[in-house]
Structure formats: C-alpha cells, structure tokens
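Just so it is clear, none of the values below were taken in a lab; they were calculated from the coordinates. These figures come from a predicted structure and were not determined experimentally. As a convention, Cβ positions derive from the backbone with ideal geometry for all residues, glycine included, and neighbour counts pool all protein chains shown.
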Amino acid sequence: MRRLTAAGCLAAGVWSAALAWAQGGPVMIAPHTSGGMSIGLGTGTAPVAETGGSAPSSPAAGVNADAGVPRIRNAPGGLAVEGEQMTQPGVQTGTAAEADTADDRGRRGSEFQRFVAEATGVTLPRFGERFFSGPTTFAPVDRVPVPADYVLGPGDELLIRAWGSVDIDYRAVVDRTGLISLPRVGTVRVAGLKAGEVESFLRQQVGRVFRNFELNVTLGQLRSIQVYVVGQARRPGSYTVSSLSTLINAVLASGGPSATGSMRAIELRRAGRAVAMLDLYQFLLRGDQSADVRLQPGDVIVYHPVGPQVALMGATDNAAIFELRAQGETLRDLIGYAGGLPAITATHQAMLERLERDRPRDPRKVQTLALDEAGLGQVLRDGDVVTLFQVAPQFANAVTLRGNVWEPLRYPYKPGMKISDLIPEKAALLTKDFYRRKNSLVQFIGEAQSAIDPDNKDGARSAQLPTLQSTSASVPPTLSPTLPDEPNWEYAVVERLNPKTLKVELLPFHLGRAVVERDPRENLELLPGDVVTIYGRKDLRAPQATATRLVRVEGEVMRPGIYQLEPGETLRALLKRAGGFTPQAYVYGLEFSRESTRQKQREAIAEAVRRLEATLASEAASQTANLGTTDVNAAARLREAQMVAAKAQLNRLRNLQPNGRIALQLSPTAGSVDDLPEVPLEDGDRVLVPARPGFVFAVGAVANSNALIWRPGRTVGDYLRQAGLEPSADEDNIFVVHADGSVTHRRDGGWLLNRLTSLELAPGDVIVVPELLNRETTWSAFVRGLKDWTQILYQFGLAAAAIDTLRR
C-alpha cells in the first residue's frame, strides 16, 4: 500500500489517487502527526509503509471497520486547505482602519447641523444616526441557514456525507478553479451552482460509481469576499466580508455615511454598472429590504453626497435633521419621517423658517402655517427649519377642587355652577387619611403581637383606646389618632385668572356658610378655570375661640378622659367639668404637663450638656498642664478615671427625658378643685391626679434608698436617720423635691441645715443626699459647672426616678 502526504497528493494530483482506488481498493484519508494529512491506498488493512506519519490506530483514523464498504474521511481542516489560512465569516476592515478622517468630521456634525444649533440653541441629531451608534463592525452569524439561491465559489466548504454501499464523511473546499475532488469519483466543478442544486448534482456524480446509497450535502465554512467602500462614507476603504453579507451589512461595517454623506443614496456598483440604490429611510422606517442585495467579490459601495436637509424640532418625539430625497417632498412627508404628530402637538399653528440665499441682506424669513391640508402640503426646501408647538395646558370647561377635601380633582364646569355644587355635602371635606387612620385601629393580625381577647376567634385586635395610665417621666401620647383634619370653616378661597389683565385674583369666602347654610353672599358662582382651595385648621392658625383644643385628664377624677377645651377655660374649670376629685385624690401631687414646656426643658438640658462638656474639656486640659513629674502615671490614671466618670454622668444627663411638668406651688393640705390656681389651658395639656401615697423617698448617699412610710409630723432629719447617711454624704447640699414639683434647698431663702432637717414632709416628697466630692479633682470642677442639683431639678422638672437615674 502506498501512503502520500496531503501536499504530495496535491502535487501528484488527487485524480491519480482516485484512479488507483477505483482499480485496487479503498482510499484512506487520516490525520497526520505533522499537522497535515495522509491518503492511503490499500485493501482496508493496516498500511505497510508510510511517508512522514504514523499508521492509523482505529477505524476513526482511517481503518475500515467493514472491509466491504469503502470509507472516505479527512481531517477537520479539509484536504483542499492544507497550509492555507481561511478568513472567518464576517467582516474585517482593511484600509478603513487608517482612514478615519471622515469619522472625525461626522462627530463634529455638518455645517447645517451647526447652523441650526446656532440659530435655535438646540443641537439636533441627524435622523438615522443612532442606527450606527453600536459596534463599528457587523459580523453575520456563521451558523445561519444558507439561502437556496446562494452561488458557490472558490473558498466555500462542502460537508459531504453518504451511507449505504459507500461510507463518506468528507469535507471538500472549492479551489480557485471552481473544482472539488472526490476520491473514486474525480474532480467535479461546483462553482456557479446554487446551494439548493449542489446536493442533487453531487448525488448524480457519485451515482456514476456507486449504487444504493444516500447522500447529504451541507455548506460548512463559507468563503470571504472583498468589497470597496468609497465616497462620503464615515470609514471608506476595502473590506473583507462573508460571502453571505449584503449591502446593509457593509453599510453597517463602514459606519454609515459621514456628516456630508447621504443616507438616501447609497449605490452598489458591480462590474462598472449600478446594481442597487439603497435608501436607508425606507429600511429604517418600513423595513424595506428590496435594495439589500447580496454582495459579490469586487463590489463597490458608493456613498453619494447628502441631499437637501431640513430640521424638525419642538413638540415632536423625533426632533432631528432629515434628508429630502427628491424635489417636491412636503411637510406631510417630513412629519411622516418623524413618526407622525404626538397628541400634544398643536395643529392650529406651526412655524417655518426658510433661507433665501438670493437675498443677502435678509436671507432668513419666518412664516406660520396650520397643520391642515394646505399646511401639510407645503413643499419644503433645503435649509428649512420647522418648529411644532404644544397645545396649551388650559382647561376650557373645568374647575379644580383641592386642599382639605376627599377627592382633589378637576370637575366639569356647568353654566351657573356654584360652590355648593362643587361641594354638595360636608362629607366631601373629610380626607382619605382620616378613614385610613380609623381603619388601622382594628386590624387582622396572624400572630399575637399584642393582647388579643382569648374569646375572639377571628383574630381581630380590639380597638386601642387611649390609655389613662401614665408616669411622670413619660411623654404624653397623641390625644386621638382618629381626629379628622378639620377644615377651616371660616376661610376658603377661589383662585381666578382675569382674562383681560392676566392677573390672578383671590376671592375668599366663608366655607361653612357656603356649603352648610347656602348663603348666596358666600356661595360664589364659579367660572371655567377656577381653582377652589379648602384649608385645614392646621394650615392657617385660627383664633383660639374657633380652634379645636384637646386636654387629657387622668387619674383620680370622677370622669377621666379627653376633653375639648372651651374658649378661655382654666385648669380649675376643666376639673370641675370632669366631676371633681375622687376621695383618694392627692391634690398636692397633681402633675400638670405642657408640651411647650417639655420642649423648652429639652433645649435647656441640651444647652447644659454642651456647657458642661466645654467645662470638662477645659478642666482636663488645665490639669494635664499642671501634672508634676512625681508619680505621673498614677496622676494620669486618676485623671482618666475622673474623666470617664464625668462623661458617664454627662451621657446620663443627655438621655434624660423631661415631661414638661409645671410646679403649681400647692399647699400640702389642698384637697378641692378650688385650691387650684386659675391656669389657662392650652391644646395638648395633660393633667394627672395621683392617688394619695403612703411613702416618702430618700435617694443618693443613703444606706436605705427604699420607700419610707410617711407619718404625720415626721421631719427630714427623722427620715435621714431612718435611711442612714453614707460616710460620703454631703450634708451641706441636701435638698428636698416636693410632691408638687417644687424644690427646697438649704441655700434657698436662708435655710440652715438644722432648719432643713426640721422641715416636715408630705407624702410623695423626695430627700436627695448628694455625695461629698474631692474639691481638687476634675470631677469636682465638672460638678461645680452644674452649679447645684437644685437648679437642675427645679429648671428641668425631674422626678425622683430621674434623680435616681442620675446618681446611678
């Protein structure tokens, strides 16, 4: 058996190998170890000699598993392409990579684009420009079906498979003469055949040698062709493209026309004559591919200069510069290119700016036209600028209702329409937020996130009524989350535009009289375009006599609850309206809190904290400078400990929450409503009447800080002896916080220590015993910055719980 390398086989001629096969046995084509391939002539057994390669070791490598069936195989690369680099299907740029000046000019825009930008202040793109804003190359998918009318040529690869009396799995590449070589069949000319014809043709050729077989032919890798792009292209040059490429593929590869190139006249020339004229507008707007012919080697694509251009701007979805293809195109054609007129475009008027080059002194003129048959038929000329306008956003037959209402909307106007027609009932003045808050009071919950009635099987939460339990340190909750946003019944306004003066006029009216009483003086007649605004009580501060003011009354009163204040009502009058005190009421300990006072207390605490922080930093710096050289480490550790303690105290003071309590300076023997002062009440005030306690408290540097049983006639000294003073107690600065919120210090009013200790206490009073401090430490300077505990407690209204928190 003789074995030849692929190159040797080509040199000797494949036909001789096929002839030898026909005379003696099968031809075996197998991969070669050197990278080529070998053709073996034999009887289907292992070869006895080879040139430049090793024997195949399996049927896949060329050994016929069935000695009675000839097998034709080749390496994946194909026999006819030995040593040749094939161009992949797609597009490769050649000289276009160096010719980029037109691309640069395209980015700057044309002269007409710059003229429009200078004349109107708007930079318009060129229509169709975005089509080329993607990748600069276009490579068609190499696995798309090949059209049946595709014409074979040199470089195309055929995948030939047959089964039956012959086993063929062969790749053949059309050589430059248009031939392919089939062992035992011979050379066959396939160039010029269409893809739909090649299978039947090869079946006929193989059928001259074999009988009883089936044959299938598909196209593999397709050839590449060279085309040329010239004229006003963005990137002119020569391009190597797939043989499946069309004119539009090449246009995309070349980046489209330059700023001076036409999108409507792209010519394809073949063998010196025009083959097709591509209008990109037809393709972009209608998908028309009638001019998109398949390219052939040597084709020339010519970009003609741009034709007449016009600009369309204003109320259009596609403001751009458009190219006119021929004379006689109208405004209707231009609007069609832009996708038609949007709904917001006014049809009664448009503006046309035109260049008159034969009039050098006044080359530009403006004219208006309507977008009717006559206006749309206006013939356009090179350099025209068309501006479309928006419709006016005014309502010819509407009035607007807004503000504190159920449904802020525009309502159709009817002649003779009045305020009462726009707001027919009072329910229209309830906002949707009121019902949303009301519905949130009873919600279905799947988990027991709050207390649920065990007898309630449907999982509905009970209505959360305002609680009557509170402590002196708590912040007053919202009085009622379901109170409506009450409208201002005394004032509403109609906003009206005077068409003569174009001045906006405000016409105020009394809402209650217009809607409820239908007073003709207030029930104004409306006009088209009027805007009626309804205000809420929160929008405009109303007089106290008409404002809704609520006060919470809790504790030991006959009828606790939330009360709406009457004009000028005082604390004494309100508690009488609440039924007076119960027998268990402790009037001396009555807590009267106000939100405005709480805010001021919070601001005072914040200011005190800032002042104390500055004092602490100053004292720390001073002591650092005064440290001696002896035992520096011990002094530093002591100073650090003092600083930590001072900062902790500051944090505790910063976290205090004042309750806004106002000390009423009551007598311990007060027991009736008449003993209360005549304090005017405000919206949001809170009154808590506690039950009479049976204890007094001693906090601070005492051994027993528990509650101590109150007994009549017992003094501060008696309770201090009962509580026991700590060795660190500062007896000179003991003070008392009374149940009514007032504070007694031995420095106030000339009190001496023995006089303070002889002071009789009332139930609920608190004795505060500060600790004795080292006067030479940073901590002492920090405390001196506080001035004294009396001022803090008196100014901030802190209760016993807060005092104990400060100490801890």
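The listed peptides 598-609, 353-364, 577-588, 247-258, ordered by packing as a protection proxy, come out as 247-258, 577-588, 598-609, 353-364 (highest mean of other Cβ atoms within 10 Å first).
Cross-link reach is defined here as a Cα-Cα straight distance under 21 Å, omitting same-chain residues fewer than 8 places apart; for LYS647 the lysines meeting it are LYS787. Sequentially through region 213-223, phi angles give Karplus couplings (6.51, -1.76, 1.60; θ = phi - 60°) of 9, 10, 9, 9, 10, 10, 8, x, 6, 8, 6 Hz, Gly and Pro residues having no value and appearing as x. For VAL702, the residues whose amide H sits under 5 Å from its own are GLU726, ignoring neighbours fewer than 5 places away on the same chain, with H placed 1.01 Å from N. As a rough guide to protection, the peptides 678-685, 502-509, 711-718 ranked by mean Cβ packing within 10 Å, highest first, stand as 678-685, 711-718, 502-509. Under a 5 Å amide H cut-off, with hydrogens placed 1.01 Å from N, GLY536 pairs with ASN404, ASN488 among residues at least 5 apart or on other chains. Note on region 309-390: with charges restricted to the Cβ of Lys and Arg (+1) and Asp and Glu (-1), its dipole about the Cα centre is near 260 debye.
Computed over Cα pairs, the Kirkwood radius of region 637-735 leads via Stokes-Einstein (1.002 mPa s, 20 °C) to a diffusion coefficient of 120 µm² per second.
Taken over the C-alpha atoms, region 693-772 has Rg and Dmax values of 11.3, 31 angstrom. Hey, which lysines would be in cross-link range of LYS500, C-alpha to C-alpha under 24 Å, not counting anything within fewer than 8 residues on its own chain? Result set, ordered by chain and number: LYS414, LYS418. Going from the fewest other Cβ atoms within 10 Å to the most, the residues LEU193, LEU369 appear in the order LEU369, LEU193. For a straight C-alpha distance cut-off of 30 angstrom, the lysines reachable from LYS576 (same-chain residues fewer than eight places away being disregarded) are LYS538, LYS600. Peptides 729-740, 410-421, 234-245 ordered by packing proxy, namely the average of other Cβ atoms within 10 Å per residue, highest first: 234-245, 729-740, 410-421. In order along region 324-336, the Karplus-derived 3J(HN,Hα) couplings, from 6.51 cos²θ - 1.76 cosθ + 1.60 at θ = phi - 60°, round to 8, 7, 9, 5, x, 6, 10, 4, 4, 5, 4, 5, x Hz, and Gly and Pro are given as x.
Take every Cα pair under 8 Å whose residues are at least 6 apart in sequence, average their separation, divide by the length of region 309-390, and the relative contact order is 43 percent. Residues in region 372-382 carry Karplus couplings, in order, of 9, 4, 5, x, 5, x, 4, 6, 8, 10, 4 Hz; the curve used is 6.51 cos²θ - 1.76 cosθ + 1.60 with θ = phi - 60°, and Gly or Pro positions show x.
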